[in-house]
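Working notes for the structure below.
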Amino acid sequence: MFQFTIRELVLLTLVVAMGVGWWLDRSSLTSQLKANGIWKLRANLLADQLDQRGWAVTWDDKYVQLEHKESGGTERVHAGNYSP
């Protein structure tokens, strides 16, 4: 039968705990990336639909801008202050 010292058991516990922590962190990051990808897909779908209805949509880190192609009207919204 194997006999382990306290030091070996503590080291084993540390290695297992770090492995589990790393795995949990990676799985959380993966799910966040997937969720962000879904929102990007939906935003692009919305922009395409607005484009078909005569609106040009542009966005950057701070603003979303809608411009009606025929009338030339423009609406610019600060993305950080948006509330529905």
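For this structure, a couple of remarks:
- When residues in region 1-18 are screened for being exposed (fewer than 10 other Cβ atoms within 10 Å of the Cβ) and hydroxyl-bearing (S, T, Y), 1 of them pass.
- One residue stands out in region 41-64 among those that are in a helix (DSSP H, G or I) and at pLDDT below 85: the one that is farthest from R76 (Cα to Cα), namely L41.
- Among the candidates G54, G21, G37, residue that is at positive phi and surrounded by 10 or more Cβ atoms within 10 Å (Cβ to Cβ): G54
- Checked against (1) under 14 Å from the mean Cα position of the chain (by Cα); (2) in a strand (DSSP E or B), K34 meets all criteria but (2).
The values are calculated or read from the model by the stated rules, or taken from the named source; none is laboratory data. Keep in mind that this is a model prediction, so the values were computed, not measured. Virtual Cβ from ideal backbone geometry, glycine too; neighbours counted across all protein chains shown.
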